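Data block below; observations after.
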Amino acid sequence: METTPSDTVPHPSDAPPAGEPAATEQAAPNPGSAVAVYRPPYLFLAVVAVVSLAADLLTKAWAERRLDGAGAFHPVELIPGHLDFVLAKNRGGAWGLLQDTPESVRRPFFLVVSFLAIAFIVSLYRRLAPNQRALRWGLPLVLGGALGNLIDRIRYSHVIDFIHAHMKWGGRDHSWPTFNVADIAICVGVGLMALDMFGGGKEKSKPSDVP
């Protein structure tokens, strides 16, 4: 059967109703229009972590020389009655966790926990969204602090602490557990991570956001 020109011309009644797309408009997706995958800046992770680590190791080296020179005990009072530099060798964790546990159990435990924490931090950093700025700072700080305390445990089987905060209240001197720069970096980093978590940074992110 021969086709006439009128057979190929669409009739006005064949048009789709208003508001509905025509079938011919369903084009194949354009590969060039795909949204680029966000890659967090690993150089930023390395720089912040290294700076935190260096600050921790340098201050610990100073504390060992200044506060424990030749076996003598030399505390430094910064704010009378509130803040001192006093050398302490913490064989346990925070608040003396596992302080009295045998060395054969305590050291492997903290080494494994430290390595797992570092692996978790790096893995979490890889999944950062573009606008998670608090988490972007928090993770490198925690990483640097964790590395600082890990190096101490590898070298000495204990962590060097030297910052002693305390205050008198109710007729007694209440002391906060002695800490170091690595602990400060970890606490600040965890605080930033919590801020990102409760602020819902990842849920608010969009593909078009820029870091």
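The values are calculated or read from the model by the stated rules, or taken from the named source; none is laboratory data. Computed from a predicted model, the values in this text were never measured in an experiment. Positions of Cβ are generated from backbone atoms using ideal geometry, with glycine treated the same way; all protein chains shown enter the neighbour counts.
All of (1) modelled with pLDDT of 85 or more; (2) buried (at least 18 other Cβ atoms within 10 Å of the Cβ); (3) out of contact with any strand residue (DSSP E or B) (no Cβ under 7 Å at 6 or more places or on another chain) hold for Phe110 with one exception: (1). Applying the condition of being more than 27 Å from His158 (Cα to Cα), among the hydrophobic types (A, V, I, L, M, F, W, C) and in contact with a Leu (Cβ under 8 Å, 6 or more places away or on another chain) to segment 113-140 and asking which residue is surrounded by the most Cβ atoms within 10 Å (Cβ to Cβ) yields Leu135. Taking segment 143-178 as the range and being small (Gly, Ala, Ser) and either under 24 Å from Gly191 (Cα atoms) or touching a His at 6+ places or on another chain (Cβ under 6 Å) (or both) as the test, the residues that pass are Gly144, Gly145, Ala146, Gly148, Ala165, Ser175. Among the residues of segment 126-135, is there at least one that is within 13 Å of the chain's Cα centre (by Cα), of a type in the set (S, T, N, Q), at pLDDT 85 or above and part of a helix (DSSP H, G or I)? No, every residue in segment 126-135 fails to be within 13 Å of the chain's Cα centre (by Cα), of a type in the set (S, T, N, Q), at pLDDT 85 or above and part of a helix (DSSP H, G or I).
Yes/no per residue for (1) within 21 Å of Leu147 (Cα to Cα); (2) part of a strand (DSSP E or B); (3) among the polar types (S, T, N, Q); (4) over 24 Å from the mean Cα position of the chain (by Cα):
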position	(1), (2), (3), (4)
Ile163	yes, yes, no, no
His166	no, yes, no, yes
His174	no, yes, no, yes
Val190	yes, no, no, no
Leu195	no, no, no, no
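Residues in segment 68-107 that are over 29 Å from the mean Cα position of the chain (by Cα), at pLDDT 85 or above and surrounded by 12 or more Cβ atoms within 10 Å (Cβ to Cβ): His82 alone.
In the set Leu57, Leu43, Leu53, only one residue is exposed (fewer than 12 other Cβ atoms within 10 Å of the Cβ), in a helix (DSSP H, G or I) and either in contact with a His (Cβ under 9 Å, 6 or more places away or on another chain) or modelled with pLDDT of 85 or more (or both); that residue is Leu43. Looking across Phe162, Phe179, one residue alone is in contact with a Leu (Cβ under 7 Å, 6 or more places away or on another chain) and at pLDDT 90 or above. It is Phe162.
It is to be established whether one or more residues within segment 141-158 are surrounded by 15 or more Cβ atoms within 10 Å (Cβ to Cβ), in contact (Cβ under 8 Å) with a residue 24 or more places away in the chain and farther than 25 Å from Met193 by Cβ. The answer is yes; a qualifying residue exists.
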